[in-house]
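Novice: After the structure tokens below, expect a handful of questions from me.
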Amino acid sequence: MYRKPRHVDSAGILNLDSLMDILSCLVGVMLFLVIYTVLQLGSTAFQLAVPTPLDPPEDSKRVVILCNNGTVRVIDTSGPVGELLTGLEIVTYDDIPNFVRQANERPAIDRYFSYRLDYVERAIALGGRTRAFEVEIQELPGAVGDSIHQLDDGSTYVALLDALDAGDTWLAFAVDSMSLNVFRRARLLASERGFATTWDPFTLDFPTTFAVAADGSGGGPTPRDALSKPPR
């Protein structure tokens, strides 16, 4: 019996089903690799260089760095206060008011400020009285600090830092809202020279006062001093 040959459909030769399967597998593999890479990047620990403030040295003195109105000024009270209190150790208790008057006849000044001594006597409970020293700081006319464009190794600020000993001095920055950039630059220069630093957001209005002991210790104004007006 004769069988008629079956006609072969030429379109079957170009069947693309296998190619689509291969492409689907490749897309799946690529998608897996992308997801794996994203997960790996998300779990990668990035190491950032964040400056760590140093702890103040033991038995060290505090020097205030005033970053206000876009400039930086150093308030190192130890020299002027020591000058004002020279000779106090031989003064009798009753002669202290006269000593203070004489001390203020020879004003103590530094690069930016003038200093005068105040003598405060207050009544306390049970009829007693207490005596204390305060130092008043006033700005010198025309003595402005270094701006951020002046803060380099040849600036007045750096010269004043170089006159201090980083081994027994720590710097307390007083920063207002206008001086964040100059504060960052000033703190970097101080850290490069090994100084321990702290900072507080506050502004000093002059004249300002701070309490001082008979031996000259006191460290300069603090945020608490800035919150109250000088006694008059």
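Novice: What does the charge count around Phe113 come to, taking other residues whose C-beta lies under 11 Å from its C-beta (Lys +1, Arg +1, Asp -1, Glu -1)?
Specialist: -1
Novice: Here is a further query. How would you classify the stretch 61-226 from its alpha-carbon gyration tensor, with a ≥ b ≥ c the square roots of the eigenvalues: rounded for a/c under 1.5, else prolate if a/b is greater than b/c, otherwise oblate?
Specialist: Prolate is the answer for the stretch 61-226, as a/c is 1.5 or above and a/b outweighs b/c.
Novice: Starting from 0.36 nm per residue, how many nanometres of slack lie between Asp168 and Arg224 once their C-alpha separation is accounted for?
Specialist: So the extension gain works out to 17.8 nm.
Novice: In whole Hz, with x marking every Gly and Pro, tabulate ³J(HN,Hα) for the stretch 202-212 from phi via Karplus 6.51 cos²θ - 1.76 cosθ + 1.60, θ = phi - 60°.
Specialist: 7, 10, 9, 9, 9, x, 10, 10, 8, 6, 9
Novice: What is the sum of charges around Ile65, taking Lys and Arg as +1, Asp and Glu as -1, for the other residues whose C-beta is under 15 Å from the C-beta of Ile65?
Specialist: So the environment of Ile65 carries a net charge of +1.
Novice: Sticking with this structure for a sec: Residues with amide H under 5 Å of Val64's amide H, sequence separation 5 or more or different chain, H placed in the peptide plane at 1.01 Å from N; which?
Specialist: Amide H neighbours of Val64: Ile75, Thr77, Ala172.
Novice: How much net charge surrounds Tyr157 when only other residues with a Cβ under 14 Å from its Cβ are counted (Lys, Arg +1; Asp, Glu -1)?
Specialist: -1
Novice: Within the stretch 61-82, list the residues whose amide N lies under 18 Å from a label point set 7 Å along Cα→Cβ of Arg111.
Specialist: Within reach of a label on Arg111: 62-81.
Novice: What is the calculated FRET efficiency for His149 to Ser60, with r their C-beta to C-beta distance and R₀ = 41 Å, to the nearest 0.05?
Specialist: According to the calculation, E is roughly 0.85.
Novice: With each label point set 7 Å from Cα along the Cα-Cβ vector, what nm distance links Asp200 and Glu139?
Specialist: It is 2.0 nm.
Novice: Can you list residues whose amide H is under 5 Å from Asp118's amide H, if they're 5+ apart or on another chain and H is modeled 1.01 Å from N?
Specialist: Here Glu134, Val135, Glu136 satisfy the definition.
Novice: Something else now. Arrange the peptides 105-115, 165-175 so that the one whose residues have, on average, the most other Cβ atoms within 10 Å appears first.
Specialist: Going by the mean number of other Cβ atoms within 10 Å, highest first, we get 165-175, 105-115.
Novice: Now for a separate question. Using the basic label-point model (7 angstrom from Cα toward the beta carbon), what is the Ser177 to Ser217 distance in nanometres?
Specialist: Here the modelled spin labels are 3.8 nm apart.
Novice: Given H placed 1.01 Å from N in the peptide plane, which residues other than close sequence neighbours of Ala196 have an amide H under 5 Å from its amide H?
Specialist: Leu171
Every number here is computed from the coordinates shown, using simple stated rules; none is lab data. No experiment lies behind these values; they were computed from the predicted model shown. As a convention, Cβ positions derive from the backbone with ideal geometry for all residues, glycine included, and neighbour counts pool all protein chains shown.
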